[in-house]
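Colleague: Before I ask anything, let me first share the structure, which is written out below as structure tokens.
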């Protein structure tokens, strides 16, 4: 893979791959595991419309948000155009959502659906502690968090998702039926917000952008 130079520093293809993996792992949380299958189920035989709606709000919009923040430098440079306290209010609201919704939801999904779903007798509290210890390992060093996720976490995550996808294709639970909602596209578009990925772009933008600049 050829290297290209930017700002006097060579850009390695491996760095691009690792950062891409890390971005994917950061965005792919509990909401991405729960809501898309539910939206697909509700879309029924019109699942392509549901897929289009979810793609717009759950994939393109978070990426667009990150691009806009990157072009403006940071979140603060955008919010200060609204008011001097907008950034603090927005950040506080986002942190409350993450603390009381996103983080517990991610932990509960990993343990209750992932581990206890297959091993019902597995102890809950010790698994919660282990979950957050492992999470702390990946995020403790802000300078290396993207590398750690891209090198270790994402390949394992991608492998699991590929296995789930193949099982769903070759051994499906059933066949699509009539949509359970009137407008699958609109339902999936609005449901895509529940993944919380736009919030991830606001909160993690500084880490994402510094990692990109750090790699050249």
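Colleague: Could you tell me whether region 145-216 comes out rounded, prolate or oblate from its Cα gyration tensor? Rule is a ≥ b ≥ c as square roots of the eigenvalues, rounded for a/c under 1.5, then prolate if a/b exceeds b/c, otherwise oblate.
Modeller: oblate
Colleague: In addition: How much length, in nm to one decimal, is gained on full extension between residue 116 and residue 92, taken as 0.36 nm per residue of separation minus their Cα-Cα distance? Mind dumping the intermediate values first?
Modeller: Details: separation 24, 0.36 × 24 = 8.64 nm, distance 3.31 nm.
That works out to 5.3 nm of additional length.
Colleague: Given a Förster radius of 30 Å and the C-beta distance between residue 16 and residue 48 as r, what FRET efficiency does 1/(1 + (r/R0)^6) yield to the nearest 0.05?
Modeller: So the FRET efficiency works out to roughly 0.45.
Colleague: At a 10 angstrom cut-off on C-beta neighbours, averaged per residue, how do the peptides 102-115, 27-40 rank from highest to lowest?
Modeller: Going by the mean number of other Cβ atoms within 10 Å, highest first, we get 27-40, 102-115.
Colleague: Separation between the residue 100 and residue 143 pseudo-spin-labels, each 7 Å from Cα along Cα→Cβ, expressed in nm?
Modeller: Output for this residue pair reads 3.6 nm.
Colleague: Show me 70-79, 125-134, 167-176, 182-191 ranked by packing, highest mean number of other Cβ atoms within 10 Å first.
Modeller: Averaged packing, sorted descending, gives the order 182-191, 70-79, 125-134, 167-176.
Colleague: Also: Can you pull the percent of Cα pairs in region 10-214 with separation above 31 Å? Walk me through the numbers before you get to the answer.
Modeller: Working: 5427 of 20910 pairs.
Of all Cα-Cα distances in region 10-214, 26 percent exceed 31 Å.
Colleague: From the Cα gyration tensor of region 1-117, with a ≥ b ≥ c the square roots of its eigenvalues, which class applies: rounded if a/c is under 1.5, or else prolate if a/b is larger than b/c, or else oblate?
Modeller: Because a/c hits 1.5 or more and a/b fails to exceed b/c, region 1-117 counts as oblate.
Colleague: Okay, moving on. With N denoting the number of residues in region 95-216, provide Rg(C-alpha) divided by 2.2 N^0.38 Å, to two decimal places.
Modeller: 1.31
Colleague: Ok, one more. Please give the length that would be gained between residue 55 and residue 164 if that part of the chain were fully extended, namely 0.36 nm times their separation in residues minus their C-alpha to C-alpha distance (nm, one decimal). Don't skip to the end; give the middle numbers.
Modeller: Details: separation 109, 0.36 × 109 = 39.24 nm, distance 1.92 nm.
37.3 nm is the gain from fully extending residue 55 to residue 164.
Colleague: Also, quick follow-up: Contact order normalised by length for the chain, with contacts defined as Cα pairs under 8 Å and 6 or more residues apart; what percent is it?
Modeller: It rounds to 51 percent for the chain.
The numbers here are math on the coordinates, done by the rules we state, and not lab data. Given the structure is predicted, the values throughout are model-derived calculations rather than measurements. Glycine gets a Cβ as well: all are built from the backbone with ideal geometry, and neighbour counts include every protein chain shown.
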